[in-house]
Amino acid sequence: MNYGKKAADLFEEGYNCAQAVTVAFCDMTGLEPDYAARLSSSFGGGMGRMREVCGAVSGMLLVAGILYGYDSKTDDAAKKAHYTVVQELAGKFREEHGSIICRELLNTRDTDPAPTPRTPEYYKLRPCAQMVWTAAEILEAYIAEHPVA
């Protein structure tokens, strides 16, 4: 499956960047799409349009946590192993786009919580569809190399 295209299509349908990536992988996570959308809704626009970590990256890492995360309070080796995965995935995104920070990727500091209307001009000016495509492709490639147990 082409998860990059699926995520970009979901973004263009109106999901925020984090939701688009998270919902794209519902077949792998077992989450219902509406639940995945709610779970990831806070991370769009770099965490509620605060322009911090890119929502596409947050969605990618949320899915990675579901698939590869740890649940022990005391297993430091598992925590280290998972944080290594997180750093690898985020690093690949950074290599591709130069940053994982929304305001740097979009060259904006607009933190108005009101979403920008999704017009044809919006899609021409915003690289967000490409960001979700990249995040989903990175995760898809990682999963192919590291099958989920």
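The values are calculated or read from the model by the stated rules, or taken from the named source; none is laboratory data. Given the structure is predicted, the values throughout are model-derived calculations rather than measurements. Because the Cβ atoms are built from the backbone with ideal geometry, glycine has one as well, and the counts that use them run over all protein chains shown.
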Q. Across the range 51-86, what is the total count of residues that are closer than 23 Å to Asn16 by Cα and either assigned to a helix (DSSP H, G or I) or of a type outside the set (Asp, Glu) (or both)?
A. 17
Q: Could you please find all residues in the range 50-72 being surrounded by fewer than 22 Cβ atoms within 10 Å (Cβ to Cβ) and of a type in the set (Ser, Thr, Tyr)?
A: Tyr68, Tyr70, Ser72
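Quick check on this structure: which one of Ala129, Ala90 is touching a helix residue (DSSP H, G or I) at 6+ places or on another chain (Cβ under 7 Å), over 11 Å from Val57 (Cβ atoms), hydrophobic (A, V, I, L, M, F, W, C) and surrounded by 12 or more Cβ atoms within 10 Å (Cβ to Cβ)?
On the way: Ala90 fails: over 11 Å from Val57 (Cβ atoms).
Exactly one of Ala129, Ala90 is touching a helix residue (DSSP H, G or I) at 6+ places or on another chain (Cβ under 7 Å), over 11 Å from Val57 (Cβ atoms), hydrophobic (A, V, I, L, M, F, W, C) and surrounded by 12 or more Cβ atoms within 10 Å (Cβ to Cβ), namely Ala129.
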**Q.** Residue tally, condition modelled with pLDDT of 95 or more, of a type in the set (D, E, K, R) and in a loop (DSSP other than H, G, I, E, B), over the range 87-111
**A.** 0
**Q.** Among (1) in a helix (DSSP H, G or I); (2) within 20 Å of Glu137 (Cβ to Cβ); (3) in contact with a helix residue (DSSP H, G or I) (Cβ under 6 Å, 6 or more places away or on another chain), the one test that Ala37 misses
**A.** (2)
**Q.** Number of positions in the range 115-126 that are without any contact (Cβ under 8 Å) to a residue 24 or more places away in the chain and either within 15 Å of Tyr15 (Cα to Cα) or part of a loop (DSSP other than H, G, I, E, B) (or both)
**A.** 5
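Could you please give the count of residues in the range 127-149 that are among the hydrophobic types (A, V, I, L, M, F, W, C), without any contact (Cβ under 8 Å) to a residue 12 or more places away in the chain and farther than 23 Å from Arg94 by Cα? Write out each step before concluding.
Kept after step one, since they are among the hydrophobic types (A, V, I, L, M, F, W, C), are these residues of the range 127-149: 128-129, 131-133, 135-136, 138-139, 141, 143-144, 148-149.
Remaining after also requiring without any contact (Cβ under 8 Å) to a residue 12 or more places away in the chain: 141, 144, 149.
Of the ones still in play, those that are also farther than 23 Å from Arg94 by Cα are 149.
Of the residues in that region, 1 qualify.
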